[in-house]
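Q: Here it is, the structure, as structure tokens.
The values are calculated or read from the model by the stated rules, or taken from the named source; none is laboratory data. None of these values were measured; they are calculated from a predicted model. Cβ placement follows ideal geometry from the backbone for every residue including glycine, while neighbour counts extend to all protein chains displayed. Only protein heavy atoms, including side chains, enter the accessible area calculation; ligands, DNA and RNA are left aside. Shrake-Rupley method; radii C 1.70, N 1.55, O 1.52, S 1.80 Å.
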Amino acid sequence: MKVAVVGATGMVGEVMLKVLEERNFPISELLLVASERSVGKKLVYKNEEHTVIGLADAVAAQPDIAIFSAGGDTSLEWAPKFAEAGTTVIDNSSAWRMDPTKKLVVPEINASELTAEDKIIANPNCSTIQMVLALDPLHKKYQMKRVVVSTYQSVSGTGVKAVEQMENEAAGIEGEMAYPYPINRNALPHCDVFLENGYTKEEMKLAREPQKILDDRTFSVTATAVRIPTAGGHSESVNVEFHNDFDLAEVRKLLSETPGIVVQDNPDTNTYPMPVFANGKDDVFVGRIRRDETQPNTLNMWIVADNLRKGAATNAVQIAEYLVENNLVSNNTPEAIS
Ligand SMILES: NC(=O)c1ccc[n+]([C@@H]2O[C@H](COP(=O)([O-])OP(=O)(O)OC[C@H]3O[C@@H](n4cnc5c(N)ncnc54)[C@H](OP(=O)(O)O)[C@@H]3O)[C@@H](O)[C@H]2O)c1
């Protein structure tokens, strides 16, 4: 495959290159793409130097697959241009997620929806992916009614500038601010922009995306998203009310048997998921699994994952792998063949 990584110099882009390499994705030619600021920079993939190019040159090269992690505006403007050139775009931004003509995919759940006609495919929000992976097997068994989620999100979820802000503050250095307030030794109940309804955009992604991924609008999700000064991954406190009652041992079994999930749950040994464990791993970790004793059929759990991996790069590469394995991609436009 001729593959373009758009946003290769960013936080997600860097991990994308690592994940493509680790999983030995079949790449015949790699195009590393970023803004005009970075054109000419050198990046290394599989011990080989690659020069960063601009978007127009990348479109002209007609890659088979372009994985975008370069913000919503870049995706809105450029993903259609790649698609027109015959490229299949997998997009990490929020630009296309709720577009009814685009698929929103967590491969373990709904990759089977994908067809060769899907030229722009959306990767869900990082906080959504880890939550929905744990909710899916439980929903199938007990039928969710309502989910209440509070997130504790890593600064790496905001990008390079936010990690720099936290590091500068910790070192007592004055620098550029990615957030309106200090993040070190703080907690900001503010992820992404505020909307007219008083929620943030991140909270509404958590509320809306699960219904689309699970193709079911019979349950509801309400969210509070909080940024905390961690760098290894996002954590979530998730309270789920089901229509049907459950058995806790069966819940643990269902989760442990779900591909991509690792149950870490033993209060006797202080075993529970934490960002320091999840950092650098592809799995979603679930623990603190317990009954909500205040109302029937309700479960509490704690879900942690590396937002740059399963929350972004790994999920996107898994989509690409599914497309390749199922012969759903190849840029065989006449220009590409010639
Ligand atoms: N961080 C996460 O955990 C996470 C998870 C899921 C999804 N995402 C999404 O992934 C995207 C990237 O996030 P990030 O955290 O990696 O941000 P980041 O560290 O700020 O990196 C942004 C990347 O986009 C490139 N870029 C910016 N403007 C561009 C333009 N006009 N044309 C071409 N390239 C441009 C940047 O290139 P330069 O270096 O040249 O500026 C850089 O490579 C965002 O859409 C974000 O919502 C992030």
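Q: Using a/c under 1.5 as the rounded threshold, could you call segment 78-125 rounded, prolate or oblate? The axes a ≥ b ≥ c are square roots of the C-alpha gyration tensor eigenvalues, and prolate needs a/b larger than b/c, oblate otherwise.
A: Working: a/c = 2.02, a/b = 1.34, b/c = 1.52.
Here segment 78-125 falls in the oblate category.
Q: Can you give the alpha-carbon Rg of segment 185-323 over 2.2 N^0.38 Å, where N counts its residues? Intermediate values should be presented prior to the final figure.
A: Numbers: Rg = 16.0 Å, N = 139, 2.2 N^0.38 = 14.3 Å.
That ratio works out to 1.11.
Q: OK, next. Can you say what percent of the DSSP beta bridges in segment 241-338, counting only those with both residues inside, are antiparallel? Round to 5.
A: Working: 8 of 11 bridges.
Here the share of antiparallel DSSP bridges comes out near 75 percent.
Q: Near the amide H of residue 146, under 5 Å away, which other amide H atoms are found, from residues 5 or more places off or on another chain, if H is placed in the peptide plane?
A: Placed amide hydrogens put 220, 241 under 5 Å from residue 146.
Q: Taking H as built 1.01 Å from N, whose amide H comes closer than 5 Å to the amide H of residue 88, not counting residues under 5 places away?
A: Residues meeting the amide H criterion: 65, 66.
Q: Arranged from highest to lowest average of other beta-carbon atoms within 10 Å per residue, in what order do the peptides 141-154, 165-178 appear? Don't skip to the end; give the middle numbers.
A: Working: 141-154: 19.9, 165-178: 13.6.
The densest-packed peptide leads the list: 141-154, 165-178.
Q: Taking the chain as a Gaussian network, where each spring joins two C-alpha atoms under 10 Å apart, which residue of 235, 127, 94 fluctuates the most?
A: In the Gaussian network model the winner is 94.
Q: Beyond a 22 Å Cα-Cα separation, which of these cross-linked pairs lie in this structure: 102/205; 119/145; 102/253; 201/253? Present the calculation step by step, with values, prior to reporting the outcome.
A: Working: 102/205 15 Å; 119/145 33 Å; 102/253 33 Å; 201/253 34 Å.
From 102/205; 119/145; 102/253; 201/253, over 22 Å: 119/145; 102/253; 201/253.
Q: Sticking with this structure for a sec: Quick one: what are the phi-derived ³J(HN,Hα) couplings along segment 194-210, Karplus 6.51/-1.76/1.60 with θ = phi - 60°, whole Hz, x for glycine and proline?
A: 7, 10, 4, 7, x, 8, 8, 4, 4, 5, 6, 5, 5, 7, 9, 4, x
Q: Out of the total accessible area of segment 179-289 (probe 1.4 Å, heavy atoms of protein only), what percent is carbon and sulfur?
A: Numbers: 2780 of 5530 Å².
It is 50 percent, rounded to a whole number.
Q: On a 0 to 90 degree scale, rounded to 10, what angle separates helix 72-84 from the longest Cα axis of the chain?
A: It is inclined by approximately 50 degrees.
Q: Provide the per residue accessible area, probe 1.4 Å, for segment 21-135, rounded to a whole number of square angstrom. Don't jump to the answer; show the numbers that get you there.
A: Working: 4750 Å² over 115 residues.
Value returned for segment 21-135: 41 Å² of accessible area per residue.
Q: Please work out the ratio of the alpha-carbon Rg of segment 158-236 to 2.2 N^0.38 Å and round it to two decimals.
A: Working: Rg = 15.1 Å, N = 79, 2.2 N^0.38 = 11.6 Å.
With N residues counted in segment 158-236, Rg over 2.2 N^0.38 Å equals 1.31.
Q: Taking all pairs of different Cα atoms in segment 51-160, averaging 1/r and flipping that mean, what Kirkwood radius in angstroms comes out? Walk me through the numbers on the way to the answer.
A: Numbers: mean 1/r = 0.0638 Å⁻¹.
Computed over segment 51-160, the radius equals 15.7 Å.
Q: Separate question: DSSP loop (so not H, G, I, E, B), at most 16 other Cβ within 10 Å: list which trypsin sites (Lys or Arg not before Pro) in segment 205-250 pass both filters. Please list the in-between numbers first.
A: Values: sites: 205, 208, 212, 217, 227; in loops: 217.
Passing both the DSSP loop test and the Cβ count: 217.
Q: Have a look at 253, 281, 103 and tell me which one the Gaussian network model of the chain (Cα, springs below 10 Å) gives the largest fluctuation.
A: Answer for the Gaussian network model of the chain: 253.
Q: Another question, then. Restricting to Cα pairs below 8 Å that are 6+ residues apart, what does the relative contact order work out to for segment 1-140? Please round to a whole percent. Each step should come with its number before you reach the end.
A: On the way: 246 pairs, mean separation 27.0, N = 140.
Averaging sequence separation for qualifying contacts and normalising by length gives 19 percent for segment 1-140.
Q: In nm, give the distance between the simple-model label positions of residue 168 and residue 294, each being 7 Å from the Cα along the Cα-to-Cβ direction.
A: Simple spin-label model gives 4.0 nm for this pair.
Q: Still on this structure, please answer the following. I need to check one value: relative contact order of the chain, counting alpha carbon pairs closer than 8 Å and at least 6 residues apart, in percent. Let's see the in-between values first.
A: Numbers: 740 pairs, mean separation 64.3, N = 338.
Relative CO of the chain lands at 19 percent.
Q: Over 29 Å between Cα atoms: which of 103/140; 2/103; 41/212; 41/310 fall into that group? Write down the numbers at each step before the final one.
A: Details: 103/140 20 Å; 2/103 22 Å; 41/212 39 Å; 41/310 27 Å.
41/212, as the Cα separations exceed 29 Å there.
Q: Once R0 is set to 56 Å, what does the formula 1/(1 + (r/R0)^6) return for the Cβ-Cβ distance between residue 143 and residue 44, expressed as a FRET efficiency to the nearest 0.05? All intermediate terms of the calculation are to be shown ahead of the outcome.
A: Working: r = 49 Å, r/R0 = 0.87.
With R0 = 56 Å, the Cβ-Cβ based efficiency is 0.70.
Q: What's the magnitude of the charge dipole for segment 137-202 around its Cα centre, counting Lys and Arg as +1 and Asp and Glu as -1 at the beta-carbon? Answer in Debye, nearest 20.
A: On the way: 7 positive and 8 negative charges, 161 e Å.
So the magnitude is around 780 debye.
Q: Still on this model: What length, rounded to one decimal in nm, is gained on full extension from residue 76 through to residue 245, with 0.36 nm per residue of separation minus their alpha-carbon distance? Can you show the working numbers first?
A: On the way: separation 169, 0.36 × 169 = 60.84 nm, distance 4.35 nm.
This chain segment gains 56.5 nm when fully extended.
Q: Let me ask something else about it. Can you give the translational diffusion coefficient of the chain in µm²/s, computed by Stokes-Einstein from the Kirkwood radius over Cα pairs at 4 °C and 1.567 mPa s?
A: Numbers: Rh = 20.6 Å.
In µm²/s, the coefficient is 63.
Q: Please tell me the relative contact order of segment 183-338 in percent, rounded to the nearest whole number, where contacts are Cα pairs under 8 Å and at least six residues apart. Working shown, then result.
A: Working: 230 pairs, mean separation 30.6, N = 156.
Rounded, it is 20 percent for segment 183-338.
Q: Using the C-alpha gyration tensor of segment 1-44, what are the square roots of 5 times its eigenvalues, in whole angstrom, with the largest one first?
A: Numbers: eigenvalues 66, 28, 12 Å².
Working through the eigenvalues yields semi-axes of 18, 12, 8 Å.
Q: Comparing 186, 197, 244, which has the greatest mean-square fluctuation in the GNM of the chain with Cα pairs linked when under 10 Å apart?
A: Sorting by GNM fluctuation, first place goes to 197.
Q: Here's something else I'd like to know. Stretched out fully, how many nm does the piece from residue 215 to residue 99 gain, at 0.36 nm a residue minus the Cα gap? Intermediate values should be presented prior to the final figure.
A: Values: separation 116, 0.36 × 116 = 41.76 nm, distance 1.38 nm.
Here the segment from residue 215 to residue 99 would lengthen by 40.4 nm.
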